[in-house]
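A.B. asks: After the structure tokens below, expect a handful of questions from me.
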Amino acid sequence: MALRRLARCVCADLEEIGEGVAMAIAGQACQRQKEILVQAIARQAEDHGLKKVVAAGTGEVLIAEAAAFLGMECERISERYGAGISDVFPAYAVARLGETAKISKI
């Protein structure tokens, strides 16, 4: 199913471009996502003097790879609390931040 969706991104059917080309598209998208993460983490690290990254959520693996590329320490929430907690941690953190800042309901 995912390969069919990727084929549609280039206005084609999977049968037209083949699985190999669809996988190449997926690889390019993944590589670009990693580049964006590296740039974003590097910018934040520089702006805020960070030496460590805490990774959580479904992108945890990519975040850890980006941090490693930059030579930064990375703590994965899944290693400390498990994958189930890691997956919902970003939402939990925002909720706690909202409580702390006494943000009104959205």
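The values are calculated or read from the model by the stated rules, or taken from the named source; none is laboratory data. Note that the structure is predicted; figures quoted are calculated from it, not measured. Cβ atoms come from the backbone with ideal geometry, glycine included; neighbour counts cover every protein chain shown. What goes into the accessible areas is simple: the full protein's heavy atoms, side chains included, and nothing from ligands, DNA or RNA. Shrake-Rupley method; radii C 1.70, N 1.55, O 1.52, S 1.80 Å.
A.B. asks: Set the Förster radius R0 to 41 Å, insert the Cβ-Cβ distance between Leu70 and Glu16 as r into 1/(1 + (r/R0)^6), and round the FRET efficiency to 0.05. List each step's numbers first, then the result.
C.D. replies: Details: r = 39 Å, r/R0 = 0.95.
Efficiency for this residue pair is about 0.55.
A.B. asks: If one takes the longest principal axis of the Cα atoms in the chain, at what angle in degrees, from 0 to 90 and to the nearest 10, does the Cα axis of helix 14-48 lie?
C.D. replies: Computed tilt is about 20 degrees.
A.B. asks: Leaving out ligands, DNA and RNA but keeping every protein chain, what accessible area does Ile36 have, in Å² rounded to the nearest 10, with a 1.4 Å probe?
C.D. replies: 90 Å²
A.B. asks: To continue, here is another question. Over the range 33-106, what is the relative contact order in percent, taking alpha-carbon pairs closer than 8 angstrom and at least six residues apart? Provide the component values of the computation, followed by the final result.
C.D. replies: On the way: 68 pairs, mean separation 20.4, N = 74.
28 percent.
A.B. asks: Right, here's the next one. Any chance you could check the Cα centroid distance between the range 85-101 and the range 1-77 for me, in angstrom?
C.D. replies: Cα centroid to Cα centroid, the span is 23 Å.
A.B. asks: Right, here's the next one. Given the chain, what whole percent of its Cα pairs are spread farther than 20 Å? The partial results should precede the final answer.
C.D. replies: Details: 3240 of 5565 pairs.
Of all Cα-Cα distances in the chain, 58 percent exceed 20 Å.
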